[in-house]
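First, the structure itself, so that you have it in front of you.
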């Protein structure tokens, strides 16, 4: 089922997600619905906060993106990114594994807004998958950026918080309008 994507101005986007202690049928349904929602919106990642749930859960799928390559290492060995996709990260922990690089980002909660964001080029990730198994990997390129963007959401951090002051100032009219529209909808 396709869920509504929460837009900037909704307080749930600023909430740190609660840890998931039990993966049950409700969790599995939410994961499936999040993948449906992400694909329908043509996104590559979606955090639970973006569909109104303040929990530590995100889904990612970077298959088909050719203009911004991704890298993946499993157990220190280069691996096929597409074969690893799609991924579910529950209670993820992320550690920088390289210097920061600037790259373009957008967000489904900020339609048609984009900016260059500085993030570590690669990260080490440890999380639980949808089956309750621990997964660990190192990723780089677009996958690394997507993981960091989504994990930020799980902690109530938005990509506008990582923008340069100039980019945020340039987007201010659009941000103010989106926030006002969202607050008006919430009042109804």
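The values are calculated or read from the model by the stated rules, or taken from the named source; none is laboratory data. Bear in mind that the values here come from a model prediction, so they are computed numbers and not experimental data. Don't worry about glycine lacking a Cβ; one is built from the backbone with ideal geometry, like all the others, and counts go over all protein chains shown.
Does any residue in the stretch 171-188 that is on the phi > 0 side of the Ramachandran plot and exposed (fewer than 14 other Cβ atoms within 10 Å of the Cβ) come within less than 9 Å, Cβ to Cβ, of a residue that is modelled with pLDDT of 95 or more and in a helix (DSSP H, G or I) six or more places away or on a different chain, and which pairs are these?
none
Residue 116: within 29 Å of residue 98 (Cα to Cα), touching a strand residue (DSSP E or B) at 6+ places or on another chain (Cβ under 7 Å) and at pLDDT 95 or above, yes or no?
yes
Also, I was wondering about something else. Any idea which of (1) in contact (Cβ under 8 Å) with a residue 40 or more places away in the chain; (2) touching a helix residue (DSSP H, G or I) at 6+ places or on another chain (Cβ under 8 Å); (3) closer than 21 Å to residue 35 by Cβ is the one residue 63 doesn't satisfy?
Condition not satisfied by residue 63: (1).
Hey, another quick one. So how many residues does the stretch 148-188 have that are closer than 16 Å to residue 112 by Cα, part of a helix (DSSP H, G or I) and either in contact with a helix residue (DSSP H, G or I) (Cβ under 9 Å, 6 or more places away or on another chain) or at pLDDT below 95 (or both)?
Count: 6.
Residues in the stretch 39-59: is at least one part of a helix (DSSP H, G or I), over 19 Å from residue 129 (Cβ atoms), in contact (Cβ under 8 Å) with a residue 60 or more places away in the chain and out of contact with any helix residue (DSSP H, G or I) (no Cβ under 7 Å at 6 or more places or on another chain)?
no
Then there's this: Collect the residues in the stretch 66-83 that are surrounded by fewer than 18 Cβ atoms within 10 Å (Cβ to Cβ) and either touching a helix residue (DSSP H, G or I) at 6+ places or on another chain (Cβ under 6 Å) or not in a loop (DSSP other than H, G, I, E, B) (or both), keeping them in residue-number order.
68, 69, 71, 73, 74, 77, 78, 82, 83 - these are the residues of the stretch 66-83 that are surrounded by fewer than 18 Cβ atoms within 10 Å (Cβ to Cβ) and either touching a helix residue (DSSP H, G or I) at 6+ places or on another chain (Cβ under 6 Å) or not in a loop (DSSP other than H, G, I, E, B) (or both).
Only one of these conditions is not met by residue 82: (1) farther than 23 Å from residue 182 by Cβ; (2) in contact with a strand residue (DSSP E or B) (Cβ under 8 Å, 6 or more places away or on another chain); (3) modelled with pLDDT of 95 or more. Which number is it?
The failed condition is (2).
Looking at residue 95 and the list (1) surrounded by 12 or more Cβ atoms within 10 Å (Cβ to Cβ); (2) outside any loop (DSSP other than H, G, I, E, B); (3) in contact with a strand residue (DSSP E or B) (Cβ under 7 Å, 6 or more places away or on another chain), which single condition is not satisfied?
(1)
Are any of the residues in the stretch 13-33 in contact with a strand residue (DSSP E or B) (Cβ under 7 Å, 6 or more places away or on another chain), in a loop (DSSP other than H, G, I, E, B) and crowded, with 19+ Cβ neighbours inside 10 Å?
yes
Limited to the stretch 98-116, what total is found for residues that are more than 17 Å from the chain's Cα centre (by Cα) and either in a loop (DSSP other than H, G, I, E, B) or in contact (Cβ under 8 Å) with a residue 24 or more places away in the chain (or both)?
The number of residues fulfilling the criteria is 2.
Does residue 156 fit the bill of being surrounded by fewer than 13 Cβ atoms within 10 Å (Cβ to Cβ), under 20 Å from residue 91 (Cα atoms) and touching a residue at least 12 places away in the same chain (Cβ under 8 Å)?
Criteria not met by residue 156.
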